[in-house]
Amino acid sequence: MNQHVAPAKKLTGTLHLPPDKSIAQRAALFSMLSEERSVIANYPAAEDPQTALRCIALLGATVSKKEFEVTVDGVGRDALRPDPGTVDCGNSGTVMRLLSGIIAGAGITATLTGDASLAGRPMKRIVDPLVRMGAAMDTAHGGYPPLRISRKDPLRPILFELPVASAQLKSCVLLAGLFGDTPTRVVESVPSRNHTETMLRLPVSPENGKNVIESSRDLAIPPQNLRIPGDFSAAAFWMVAASILEGSDLLLPATGINPTRCAALHILERMGADIETSNERLEGDEPVADIRVRAANLKGVDIHPEEIPNAIDELPVLSVAMAFAEGRSRITGASELRYKESDRLREMQNMLERAGVKIIGYDDGLAIDGNPGQFAKAAVHDSRHDHRMAMSAAILSLRGDGVSEIRNAEAAAVSYPDFWSDLDSVAHV
């Protein structure tokens with residue numbers, strides 16, 4: 001599907017964001033491991049969370065849906081289907097990496113596959129610690145999916161210091177550790193999103209300036225009875241769009257503001273964005289707020305390596321904000337972007353260059369010379385089947401000098417099925 005995006009004068013109104021897919025996918029996987037019934041409200045229709053439901057059903061959980069509520073009767077740690085065969089993880093790196101830990105820990109045999117995009121994402125980081133724990137893992141093409149996983153030896157709990165800040169790697173090892181008689185300990189120097197340890201209520205203790213998270217068979221796995229909050233990553237697109245279009249005023253109610261997820265909000269505030277949070281509360285164990293964004297004069301900013309883990313998904317759209325900010329902005333320490341659904345650093349550079357923005361690319365980042373008065377050149381942008389690049393190109397095109405075209409625009413449905421209709425509902429052209 002190709003989508004045409006016309007320049008907009010302003011954005012106004014209220015948008016109810018899609019539910020957070022990072023939390024939703026975890027809720028599905030963890031509910032399978034509980035021996036109790038889980039009821040998950042506001043479950044998203046996006047592709048990745050639906051993939052998670054299909055995978056847990058294949059592994060033995062009973063799943064029923066009623067509108068946006070999902071009920072899961074879990075099977076517990078020790079009753080997963082012993083040989084489910086091929087488990088298709090679709091486009092979801094979260095599902096593949098977290099399921100790898102569960103399957104390796106449980107000692108069952110399965111082959112994890114995915115679509116063409118997922119098949120190009122490296123898995124060596126999770127393979128190495130799982131092999132240390134006793135898993136037998138075969139991968140294609142030197143560490144890429146499909147992954148065939150089995151375990152015949154007893155699980156060996158490990159002490160694992162994360163080599164990079166990665167919530168998926170952290171979660172994978174901790175989930176495998178849930179099957180061990182003695183604790184597996186994961187040491188985290190730079191905090192990454194903490195949904196796994198929060199939702200599973202895992203012990204977290206500070207040691208020498210680092211976080212140490214433990215998991216073992218001794219820990220009961222709670223049912224996942226919660227309401228999924230609005231996706232902060234989805235909110236970021238609108239926070240940037242409203243900031244760069246004069247006269248804009250958007251309200252984003254019930255948005256998740258987990259402090260390990262919302263670095264982009266603070267980065268935009270450093271740039272001078274007019275963002276107001278109100279009605280802050282907890283839904284389940286997740287902090288939620290209503291966010292109001294108005295147009296503002298942005299200035300350039302440096303995003304430092306220690307900020308990258310908690311802004312990783314928002315960097316493509318933050319690069320759009322930088323294009324219309326005064327002065328130079330820099331992103332450094334972001335080489336992880338090269339291993340997402342696309343090489344996002346390369347695609348961000350290509351997208352902005354097509355729009356006439358002055359930009360320099362580096363191995364681990366970008367330097368962008370912004371201009372508040374410029375208009376993006378109308379262009380044809382290909383999403384490369386990457387949902388975040390499709391939506392970032394759309395936000396860029398709202399400040400265009402003509403109509404732009406987004407190719408493979410249906411990719412947005414991976415995380416935000418209603419993105420294009422929501423854009424139409426708030427854009428004044």
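A few comments on the model shown:
- Between Asp382 and Arg407, the built amide H atoms are under 5 Å apart, and every one of these is 5 or more places off in sequence or on another chain.
- Relative contact order, whole percent, for the chain stands at 18, derived from Cα pairs under 8 Å and 6 or more residues apart.
- Carbon plus sulfur fraction of accessible area for segment 1-114, probe 1.4 Å, in percent: 46
- The residues of the chain have, on average, 38 Å² of accessible surface per residue, using a 1.4 Å probe with all protein chains present.
- Given Lys10/Lys65; Lys21/Lys210; Lys299/Lys377; Lys210/Lys340; Lys124/Lys152, the pairs whose alpha carbons are separated by over 32 Å: Lys10/Lys65
- Comparing Cα centroids, segment 338-413 and segment 1-43 end up 23 angstrom apart.
- Over the chain: helical MRE at 222 nm, DSSP H runs n ≥ 4 each giving -39500 (n - 2.57), nearest 500: -9000 deg cm²/dmol
- Whether segment 275-315 is rounded, prolate or oblate, judged on the alpha carbon gyration tensor where a/c under 1.5 counts as rounded: oblate
- Gyration tensor verdict on segment 1-150 (Cα atoms; rounded if a/c is under 1.5, prolate if a/b is larger than b/c, oblate otherwise): oblate
- DSSP beta bridges confined to segment 268-424 are antiparallel in about 70 percent of cases.
The values are calculated or read from the model by the stated rules, or taken from the named source; none is laboratory data. All of these numbers come straight from a predicted model, not from anything done at the bench. Each accessible area value is taken on the protein alone, full model and side chains, heavy atoms only, with ligands, DNA and RNA left out. Shrake-Rupley method; radii C 1.70, N 1.55, O 1.52, S 1.80 Å.
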